[in-house]
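The values are calculated or read from the model by the stated rules, or taken from the named source; none is laboratory data. Model, not experiment: these values are computed from the prediction. When we count neighbours, we look across all protein chains shown, and the Cβ atoms used for this are built from the backbone with ideal geometry, even at glycine. In case anyone asks, the SASA skips ligands and DNA or RNA and just uses the protein heavy atoms, side chains included. Shrake-Rupley method; radii C 1.70, N 1.55, O 1.52, S 1.80 Å.
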Amino acid sequence: MRDDDFPREGPSYVTVSHSHSDDPRTAVAEAAGRISLPDTCFVLAFLPAALDCDSVAEALNAHLPGVPVFGCTTAGQITAEGYQNDALLLIAFRRENFRCSSALFTPLKPLSIASIVETVGKRNAKFTHTAGWNRLALVFADGLSKQEDLLASVLESVLEGIPVFGGSAGDGLSFDRTMILHDGACHDNAALLLLVETNLQYQGLSFDHFLPAGRELVITQALTEERLVLEINGAPAAQEYARLIGCAVEDLSPQVFAENPMLVCHRNNHYIRAVAGIHEAQAMSFLAAIDDGLIMTLGRGKEILPTLEAELDLRTPAGAPPDFILAFDCVLRKLEIEQKQLGAQVSDIFRRHSVFGFNTYGEQHRGLHMNQTFVGIAFFDPEGSRLH
């Protein structure tokens, strides 16, 4: 079947709206205006760094009374227009097709495994199963907590059989403070778990556009709990990394990190460990777990646009595309795309594939916390064959 056989006039099972207003109340009023309260089960709200989270939460309570709203601050948004930096994005999930139950973990750091296990177990047990419906879980975590690795692992273990997808909240490129939106209020040092049940079929996806280049390096000194690498191959971390990629230390930047990632191998798959920045004494701060003795490999990029097109080209057995794709897309991917002046093309691909979501400080999938990766959930018409 051809794409023309499945006309795309926007998703059928969610209402997606956004506003570019820099006033929180105006932004909420504009974005919430398209949402039908009686038809909505819950709303996901993804906030730009420039909007005050507390003011947005207050306005959402006023404009969406009785509707649960969940979400977080972001490092960018994926709206119906594609990549954005300053948009308040709302995604309203239809009551007819979705049910949900939520739990907030705070404080997230220090992380209490016992408390999370108990809370999730009780919440999952009380969330009655609807015959014939499918389950999944979404997680949104403070992107500066450095707890996402352990959190993702614990949730995957406790929610055995329920796939978990998520993203770390962002703060533009400031890396100052990230917030989680839950129960009408904003929380830092927190994580949100959303158990979702739907009569739609769905398929998870996770991909990046890098291959191991064969050039290995070893983390020879690290502060594990802080995700801080002091030495690589026995030399100051930033100095050695710059040497390996052929760059001066003073020229290192988020864009350089995005184009020259370091990969770790886990169960025969390679995952990116992204760099957040350079600290004193040429130490390097990472966005995911790091440890002494860890062997890493420099990554070699594949072509971004063909990779994105191929990975998003999902179909039912009848050839129908997803109704929409909920996306958690690392901000470092966006930086590389913008650096290569591919933003307009990528936004066009997102529009054609009905991709909506936000740019993260990290992504969670299959019990792992990863970086510079696109993690998503493609939702299909309920009449389609079971896909996940």
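Descriptive notes on the structure:
- For the stretch 348-374, filtering for residues that are at pLDDT 95 or above, of a type in the set (A, V, I, L, M) and not in a helix (DSSP H, G or I) leaves 1.
- Residue in the stretch 134-145 that is surrounded by fewer than 17 Cβ atoms within 10 Å (Cβ to Cβ) and within 30 Å of residue 27 (Cβ to Cβ) present: no
- The stretch 184-226: number of residues that are outside any strand (DSSP E or B), in contact with a Leu (Cβ under 7 Å, 6 or more places away or on another chain) and open to solvent by 10 Å² or more (accessible area, probe 1.4 Å): 1
- Residue 346 vs. criteria on the phi < 0 side of the Ramachandran plot, in contact with a Cys (Cβ under 9 Å, 6 or more places away or on another chain) and not polar (S, T, N, Q): no
- Annotation: of all residues in the stretch 101-120 being among the small types (Gly, Ala, Ser) and closer than 16 Å to residue 194 by Cβ, the one that is least open to solvent (accessible area, probe 1.4 Å) is 103.
- The residue pairs whose first member lies in the stretch 40-68 and is farther than 18 Å from residue 94 by Cβ, whose second member is aromatic (Phe, Trp, Tyr) and surrounded by 17 or more Cβ atoms within 10 Å (Cβ to Cβ), and whose beta carbons are closer than 7 Å, counting only pairs six or more residues apart or on different chains, are 46/358.
- Any chance residue 326 is within 19 Å of the chain's Cα centre (by Cα), closer than 26 Å to residue 146 by Cα, crowded, with 22+ Cβ neighbours inside 10 Å and modelled with pLDDT under 95: no
- Verdict on residue 355 being buried (at least 24 other Cβ atoms within 10 Å of the Cβ), touching a Leu at 6+ places or on another chain (Cβ under 9 Å) and closer than 22 Å to residue 255 by Cα: no
- Among the residues of the stretch 358-388, the ones that are open to solvent by less than 10 Å² (accessible area, probe 1.4 Å), among the small types (Gly, Ala, Ser) and more than 10 Å from the chain's Cα centre (by Cα) come to 1 in all.
- Any hit, the stretch 241-257, residues being touching an Asp or Glu at 6+ places or on another chain (Cβ under 6 Å), open to solvent by less than 50 Å² (accessible area, probe 1.4 Å), more than 29 Å from residue 313 (Cβ to Cβ) and of a type in the set (A, V, I, L, M, F, W, C): no
- Residue in the stretch 51-73 that is closer than 30 Å to residue 313 by Cβ and assigned to a helix (DSSP H, G or I) present: no
- Any pair with Cβ under 8 angstrom, 6 or more apart, that starts in the stretch 223-239 at a residue that is free of Cβ contacts under 8 Å to residues at least 40 places away in the same chain and ends at one that is in a loop (DSSP other than H, G, I, E, B) and crowded, with 18+ Cβ neighbours inside 10 Å: none
- Verdict on residue 130 being open to solvent by 10 Å² or more (accessible area, probe 1.4 Å), touching an Asp or Glu at 6+ places or on another chain (Cβ under 7 Å) and over 21 Å from residue 277 (Cα atoms): yes
- Complete set of residues in the stretch 165-183 that are assigned to a strand (DSSP E or B) and open to solvent by 10 Å² or more (accessible area, probe 1.4 Å): 171, 173, 182
- Residue 344 fulfils the conditions (1) open to solvent by 10 Å² or more (accessible area, probe 1.4 Å); (2) within 22 Å of residue 159 (Cβ to Cβ) except for a single criterion, (2).
- Looking only at residues of the stretch 277-312 that are among the small types (Gly, Ala, Ser) and under 17 Å from residue 245 (Cα atoms), we find that the one that is modelled with the highest pLDDT is 283.
- Members of the stretch 105-118 found to be touching a residue at least 60 places away in the same chain (Cβ under 8 Å) and touching a helix residue (DSSP H, G or I) at 6+ places or on another chain (Cβ under 9 Å), listed by number: 105, 108
- A single entry from 327, 344, 310 fulfils the requirement of being small (Gly, Ala, Ser), assigned to a helix (DSSP H, G or I) and under 17 Å from residue 205 (Cα atoms): 310.
- Residue satisfying all of: in the stretch 260-308; open to solvent by 70 Å² or more (accessible area, probe 1.4 Å) and among the basic types (Lys, Arg); nearest to residue 212 (Cα to Cα) among these: 300
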